[in-house]
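Asks: This is the structure I have questions about; it appears just below.
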Amino acid sequence: MSNKETKLLKSSFGVALATLASRILGLIRMRLEAQALGGGLTATIWFFAMIFPNIFRRLLGEGALGTALIPLVTETEKNSGISEARRCFAQILTFAGALLALIVVIVSAGAFFCGKAAFLYDWEFLQSEKVQGGCQIIPLLMPYAFFICLTGLIGAVLNYSGLFVRPALTAVFFNLVQIAGLLAGICLELPSEQLLKLLAVQVPIAGAIQFGLMVWMLKICGRFPIFCKDAFRSFSPVKNLLKLASPGLIGYGVLQLSFLIDRSLALCLNNRAVPALTYVDRIVDLPIGLFAVSLGTVLMTSMTRAAVDKDFDAMQEQLNFSLRHVWFICAPMAVAVIFFHTEMLRVLCLGGKYTLEDLDAARLVAIFYGMGIPLFCSLKVILPAFYSRKDMKRPLYVSITAIVVNLVLNLILMFPLQQGGLALATVIASAVNNSCLLFLLDREGFKIQKRTVVSCLRSVFISLLAGITVYFLMPLIRCRFEPGFGTDCILLLICGVTYGVLILILCVALRAGELFEFFSILRRRNKKSA
């Protein structure tokens, strides 16, 4: 393993550990949400309303603007120095702030008038309780989009500066604020309407805390934007950013529109569809956020530097290395969700207002989303190979193709499989997206090595063998315990430990190189700390 690969993996480990803290709190929040909101109407209102600020978070904070900002800052700093890069960032941050403020006002006003117009024009669907409930709390939630999108842009600059861990830790505060609100609602036994309003007010507060911490980090690392007249003497930084980001913005925009349509279709199915998709999505998001996003964040910076230096061999090595490790980590997680989703949902959701009927509604969603985990994660490390070279257009065309596939399959599969059909359509569309992007990279000379293919297949084989073994052992263990939350926790723990031990044994037996690379990193860290 080369020094570049070692550094790449070490940096992603740091981000993953920071993300793990946030994700653990996120699972606690998920448990409390299930207890307080259940898996029916109240949860549907909350999760549907949260879609709107989150769409802009993904589009403008974590999406195309943040992705395009890294190459722009890299090139500006290399050609004109750090002071010019800071002035450039000041202009971009000012433009983004004004745009986001306008978006918050428009979406909030739109939700308000949509709620009123439903009765004025007698639109039956918009008069439903779930839509009206959403229209009431969307204006309270939308300021969160302002703070979290600016936080995402600042995070891109901090990542370029070599700060990965501390920015990732700021998400902890969002979960802590929401956990406090949910605990207050449960202890005070607030009615659903009051609880939703309490949570909706807390979301922007949490976003403001995250934003404040990121601004402070900019200050201490010497990257705070320089707001002066010279910074606005030319609007070329904003023009260059929009030119670079516009294909990605269109692609992300179409993707988020697809997501909104997907959830709207779920809203039309039944009251359990949106919560079922959301709760399982939280479980699936654990490996994506814990490893794939962490690795992709570091990879974007690393590949951008290699692209500026025209070192395309290094980029190819980084891509293959990342794919091997993504499948090594994510294939076991995928099999775990497919075979043991019932145990996971019982521990993370069941109880309070979340019933067995709500759990049953999520079974097919869990199986299909579980199948897609390696595909969702692979996408996070494939896209930097395009974005680092300022190639935004071709991923856009591929993304639009995958979205069309997703929408067509949604309409075909949603009736026989309900919300499970929506999940399956998403997975198939992701497979199309991955395949097309890898094909394009192959044509450019970014070859997927034989070692990478063998490694990915071996990871799948090891995971399936371990998962099937534990799956058939579970009934023998389950029959020895009385039903209950404590029993569910013990069963999930036994299941997880047994599954993990089998994975390790099979990795050693089949000489999985990724395992030894992982332990090599740990040994180097221990020696360095000693």
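Asks: Of the residues that make up the range 27-34, is at least one over 15 Å from Thr278 (Cβ atoms), out of contact with any Cys (no Cβ under 7 Å at 6 or more places or on another chain) and part of a helix (DSSP H, G or I)?
Replies: There is at least one residue in the range 27-34 that is over 15 Å from Thr278 (Cβ atoms), out of contact with any Cys (no Cβ under 7 Å at 6 or more places or on another chain) and part of a helix (DSSP H, G or I).
Asks: Let me ask another. Is the range 361-381 home to any residue that is under 20 Å from the mean Cα position of the chain (by Cα) and outside any helix (DSSP H, G or I)?
Replies: yes
Asks: Let me ask something else about it. Are there any pairs, at least 6 apart or on different chains, whose C-beta atoms fall under 7 Å, with the first in the range 355-369 and over 13 Å from Ile283 (Cβ atoms) and the second part of a helix (DSSP H, G or I) and polar (S, T, N, Q), and if so, which?
Replies: Matching pairs, first to second residue: Ala361/Gln419.
Asks: Just one of the numbered conditions (1) modelled with pLDDT under 75; (2) open to solvent by less than 30 Å² (accessible area, probe 1.4 Å); (3) touching a Phe, Trp or Tyr at 6+ places or on another chain (Cβ under 9 Å) is not true of Phe235; which one?
Replies: Just one mismatch for Phe235, condition (2).
Asks: Criterion first (surrounded by 15 or more Cβ atoms within 10 Å (Cβ to Cβ), without any contact (Cβ under 8 Å) to a residue 60 or more places away in the chain and of a type outside the set (A, V, I, L, M)) does Asn434 satisfy it?
Replies: yes
Asks: Tell me, please, whether a residue that is out of contact with any Ser or Thr (no Cβ under 7 Å at 6 or more places or on another chain), modelled with pLDDT of 90 or more and either open to solvent by 10 Å² or more (accessible area, probe 1.4 Å) or closer than 25 Å to Leu257 by Cα (or both) can be found in the range 53-74.
Replies: Within the range 53-74 (the criterion being out of contact with any Ser or Thr (no Cβ under 7 Å at 6 or more places or on another chain), modelled with pLDDT of 90 or more and either open to solvent by 10 Å² or more (accessible area, probe 1.4 Å) or closer than 25 Å to Leu257 by Cα (or both)), the answer is yes, since at least one residue qualifies.
Asks: Might you let me know whether the range 159-179 holds any residue that is surrounded by 17 or more Cβ atoms within 10 Å (Cβ to Cβ), modelled with pLDDT of 90 or more, more than 19 Å from the chain's Cα centre (by Cα) and not aliphatic (A, V, I, L, M)?
Replies: So far as the range 159-179 goes, no, none of its residues is surrounded by 17 or more Cβ atoms within 10 Å (Cβ to Cβ), modelled with pLDDT of 90 or more, more than 19 Å from the chain's Cα centre (by Cα) and not aliphatic (A, V, I, L, M).
Asks: Quick check on Phe291: is it within 21 Å of Ala385 (Cα to Cα), of a type outside the set (S, T, N, Q), at pLDDT 90 or above and part of a helix (DSSP H, G or I)?
Replies: Criteria not met by Phe291.
Asks: Counting only residues that are crowded, with 19+ Cβ neighbours inside 10 Å and among the hydroxyl-bearing types (Ser, Thr, Tyr), which one in the range 4-40 is modelled with the highest pLDDT?
Replies: Going through the qualifying residues, I end up with Ser22.
Asks: For the range 457-478, give me each residue that is surrounded by fewer than 18 Cβ atoms within 10 Å (Cβ to Cβ) and of a type in the set (S, T, N, Q).
Replies: Thr469 - this is the single residue of the range 457-478 that is surrounded by fewer than 18 Cβ atoms within 10 Å (Cβ to Cβ) and of a type in the set (S, T, N, Q).
Asks: List the pairs whose first member sits in the range 391-417 and is under 30 Å from Asn270 (Cβ atoms), whose second member is modelled with pLDDT under 90 and open to solvent by less than 30 Å² (accessible area, probe 1.4 Å), and whose Cβ atoms are under 7 Å apart, counting only residues at least 6 apart or on separate chains?
Replies: Note: pairs meeting the criteria are Ser399/Gly251; Ile400/Gly251; Ile403/Ser258; Asn406/Ser258; Leu407/Ser258; Asn410/Asp262.
Asks: A follow-up question, please. Just for the range 439-456: of the residues that are closer than 18 Å to Tyr397 by Cβ and open to solvent by 50 Å² or more (accessible area, probe 1.4 Å), which one is nearest to the chain's Cα centre (by Cα)?
Replies: Looking at the filtered set, the residue picked out is Phe439.
Asks: If you scan the range 430-456, which residues turn out to be over 27 Å from Ile403 (Cα atoms) and part of a helix (DSSP H, G or I)?
Replies: Within the range 430-456, Lys450, Arg451, Thr452, Val454, Ser455 qualify.
Asks: For the range 337-347: of the residues being among the aliphatic types (A, V, I, L, M) and open to solvent by less than 30 Å² (accessible area, probe 1.4 Å), which is nearest to Thr487 (Cα to Cα)?
Replies: It comes out as Val347.
The values are calculated or read from the model by the stated rules, or taken from the named source; none is laboratory data. Predicted model only: the values in this text are computed from it and were never measured. Note: ideal-geometry Cβ built from the backbone for every residue, glycine included; neighbour counts use all protein chains shown. All accessible areas refer to the heavy atoms of the entire protein, side chains included, with ligands and DNA or RNA removed. Shrake-Rupley method; radii C 1.70, N 1.55, O 1.52, S 1.80 Å.
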